[in-house]
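*Asks:* Have a look at the structure that comes next, please.
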Amino acid sequence: MFQEERMQAISEYLTRHQRIDIKEICQRFEVSRDTARRDLLRMEELGLILRTHGGAVLPPKGGVEVFEYKVRLERESSEKREIGLCAASLIKNGDHVLMDASTTVQFAAENITADDIVVVTNSIDIADVLSRKPAVRTYLLGGELHPKHRFLYGQATVDKLADYRVDKLFLGACGITAEGLTFPHEEDGVVKREMIKRAEQVIVLADHTKFDNRMFYRIAGLDAVDLLITDRKPEADMLRLLEEHQVELILVPEDDSDD
């Protein structure tokens, strides 16, 4: 059964029963817990459900959109915080860095301890975090502000990126498939694609729910990624693809509790 078919069946179940848990999804559709979590994550992004501890419920009448940045930041898991902490440890004294607008990347920004760092970002929240770090010089890209997801985008943003060349790019990922990295918003994806061109090393931060999760807009193939930091080893097919594209993998300690 394809993900779209499971999602439809889950929606029908919720219409009858109002709530569903991960165990029920695993038993009903004979899938792993990771697959069940990915299905619920995708449904939440589409506004079909509200995730709860260990399951999901229907959203209020009128639906729900992808959660605003600040809401997502409050809901982020301990795994993502560990990924951000690991990413921060890769920033060395004197580095020039690009950071995209991602909650996981924001956790990396919060944990920077290196000195004499220059960071370029299109995230107003990451810029705010970095403004409190005396050892970091921050360049906030111009452009139009997306008020809900709090990133700057547009032609002015892309044009300004052409002026920079950095050592490392820290990139959050919404979806990682055999086709590469995908994101829900084209306007943000265009900026991320340009960021990739400006970095010597592309470092992707993604928890395990992002694997086999295809979003609307593809920004790059796996060959664009140098290093991937995640919390669980990908399944065999994805692991093989990462190895073929020479993507280095770093695993942070796992947390097996249900979100």
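*Asks:* Could you list all residues from region 90-126 that are crowded, with 17+ Cβ neighbours inside 10 Å, closer than 23 Å to Lys160 by Cα and among the small types (Gly, Ala, Ser)?
*Replies:* Ala101, Ser102, Ala109, Ser123 - these are the residues of region 90-126 that are crowded, with 17+ Cβ neighbours inside 10 Å, closer than 23 Å to Lys160 by Cα and among the small types (Gly, Ala, Ser).
*Asks:* Oh, and also: Suppose we filter Gly180, Gly172 for residues that are in the same structural domain as Met99 (by TED's automatic domain parsing), over 16 Å from Asn122 (Cβ atoms) and surrounded by 16 or more Cβ atoms within 10 Å (Cβ to Cβ); which single one remains?
*Replies:* None of the other options fit; the residue is Gly180.
*Asks:* Further question: Go through region 139-162 and give me each residue that's in contact with a helix residue (DSSP H, G or I) (Cβ under 6 Å, 6 or more places away or on another chain) and of a type in the set (A, V, I, L, M, F, W, C).
*Replies:* Leu140, Leu141, Phe151, Val158, Leu161 - these are the residues of region 139-162 that are in contact with a helix residue (DSSP H, G or I) (Cβ under 6 Å, 6 or more places away or on another chain) and of a type in the set (A, V, I, L, M, F, W, C).
*Asks:* Same structure again: So, in region 182-206, of the ones that are under 20 Å from Phe107 (Cα atoms), of a type outside the set (Phe, Trp, Tyr) and at pLDDT below 95, which residue ends up farthest from the chain's Cα centre (by Cα)?
*Replies:* Asp188
*Asks:* Which of the residues spanning region 230-248 are touching a Phe, Trp or Tyr at 6+ places or on another chain (Cβ under 9 Å) and not polar (S, T, N, Q)?
*Replies:* Scanning region 230-248 gives Arg232, Pro234, Glu235, Met238.
*Asks:* Another question, then. Could you list, ordered by first residue, the pairs with Cβ atoms under 6 Å in which the first is in region 81-102 and in the same structural domain as Leu227 (by TED's automatic domain parsing) and the second is assigned to a helix (DSSP H, G or I) and of a type in the set (D, E, K, R), at least 6 apart or interchain?
*Replies:* From region 81-102, the pairs are Asp100/Lys192.
*Asks:* Look through Arg232, Arg218, Arg214 and report the one residue that is more than 19 Å from Thr103 (Cβ to Cβ), assigned to a loop (DSSP other than H, G, I, E, B), in contact with a strand residue (DSSP E or B) (Cβ under 9 Å, 6 or more places away or on another chain) and touching a residue at least 24 places away in the same chain (Cβ under 8 Å).
*Replies:* Step by step, each of Arg232, Arg218, Arg214 is checked, and only Arg214 is more than 19 Å from Thr103 (Cβ to Cβ), assigned to a loop (DSSP other than H, G, I, E, B), in contact with a strand residue (DSSP E or B) (Cβ under 9 Å, 6 or more places away or on another chain) and touching a residue at least 24 places away in the same chain (Cβ under 8 Å).
*Asks:* Can you go through Thr113, Thr104 and tell me which one is polar (S, T, N, Q) and either modelled with pLDDT under 90 or part of a helix (DSSP H, G or I) (or both)?
*Replies:* The match here is Thr104.
*Asks:* Among the numbered conditions (1) without any contact (Cβ under 8 Å) to a residue 24 or more places away in the chain; (2) assigned to a helix (DSSP H, G or I), tell me where Gln246 comes up short.
*Replies:* Failed condition: (2).
*Asks:* Same structure, new question: If you take the residues in region 13-56 that are charged (D, E, K, R) and part of a strand (DSSP E or B), which one is nearest to Phe211 (Cα to Cα)?
*Replies:* Among those residues, the one meeting the criterion is Arg51.
*Asks:* Of these, Arg240, Arg193, which one is of a type outside the set (A, V, I, L, M), in the same structural domain as Ile83 (by TED's automatic domain parsing) and closer than 21 Å to Thr121 by Cα?
*Replies:* Arg193
*Asks:* Which one of the conditions (1) under 23 Å from Asp34 (Cβ atoms); (2) surrounded by fewer than 20 Cβ atoms within 10 Å (Cβ to Cβ) does Asp223 fail to meet, given that it meets all the rest?
*Replies:* The failed condition is (1).
*Asks:* Assigned by TED's automatic domain parsing to the domain that holds Ala108 and touching a helix residue (DSSP H, G or I) at 6+ places or on another chain (Cβ under 9 Å): is that true of Arg165 in this structure?
*Replies:* no
The values are calculated or read from the model by the stated rules, or taken from the named source; none is laboratory data. In this text the structure is predicted, and so the values were computed from the model without any measurement. When we count neighbours, we look across all protein chains shown, and the Cβ atoms used for this are built from the backbone with ideal geometry, even at glycine.
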